[in-house]
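The structure appears below as structure tokens.
The values are calculated or read from the model by the stated rules, or taken from the named source; none is laboratory data. In this text the structure is predicted, and so the values were computed from the model without any measurement. Cβ sites come from the backbone with ideal geometry, for glycine too, and all protein chains shown count toward neighbours.
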Amino acid sequence: MMTIVPKNVFPALLRYWRGNRGMSQLDLAGAADVSPKHISFLETGRAQPSREMVLRLATSLGVPLRDQNALLTSAGFAEVFVEIDANAFDDNIKRALTMMMAHQEPYPLMVAEA
């Protein structure tokens, strides 16, 4: 499922996630190993992030994968993380995943293909 996010909203999304996590620009800069000035430039739109920078900042902020895709598209990059439709699984796999999700509650569960 593709997330539709307008381009050029990356600065606003970055500010949102930083504020949501209660981090200052200095905190985020330290966590992502970049300068606070660079964070400021990204948030004001004076600088454009690379794909790697978007992922580094998103990881440092603990942004969920679906929202990391939104950050990437807002910065003009393709999505990286694929969301698989649960309806594509056969019944045995659906039952196993349902049981795993029930035992995992209230915590999230991520299934990855090896």
Would you confirm whether any residue within the stretch 34-57 is touching a residue at least 40 places away in the same chain (Cβ under 8 Å) and under 22 Å from residue 108 (Cα atoms)? yes
Where residues in the stretch 28-49 are exposed (fewer than 15 other Cβ atoms within 10 Å of the Cβ) and among the charged types (D, E, K, R), which of them is nearest to residue 72 (Cα to Cα)? 46
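Among the candidates 90, 85, which residue alone is in contact (Cβ under 8 Å) with a residue 40 or more places away in the chain, on the phi < 0 side of the Ramachandran plot and not hydrophobic (A, V, I, L, M, F, W, C)?
Numbers: 90 fails: in contact (Cβ under 8 Å) with a residue 40 or more places away in the chain.
The unique qualifying residue is 85.
This table checks each residue for (1) within 12 Å of residue 71 (Cβ to Cβ); (2) assigned to a helix (DSSP H, G or I); (3) at pLDDT 95 or above; (4) more than 16 Å from the chain's Cα centre (by Cα).
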site: 5; (1), (2), (3), (4): yes, no, no, no
site: 13; (1), (2), (3), (4): yes, yes, yes, no
site: 22; (1), (2), (3), (4): no, no, yes, yes
site: 34; (1), (2), (3), (4): no, no, yes, yes
site: 43; (1), (2), (3), (4): no, yes, yes, yes
Please determine whether any residue of the stretch 63-73 is assigned to a helix (DSSP H, G or I), among the aliphatic types (A, V, I, L, M) and modelled with pLDDT under 90. no
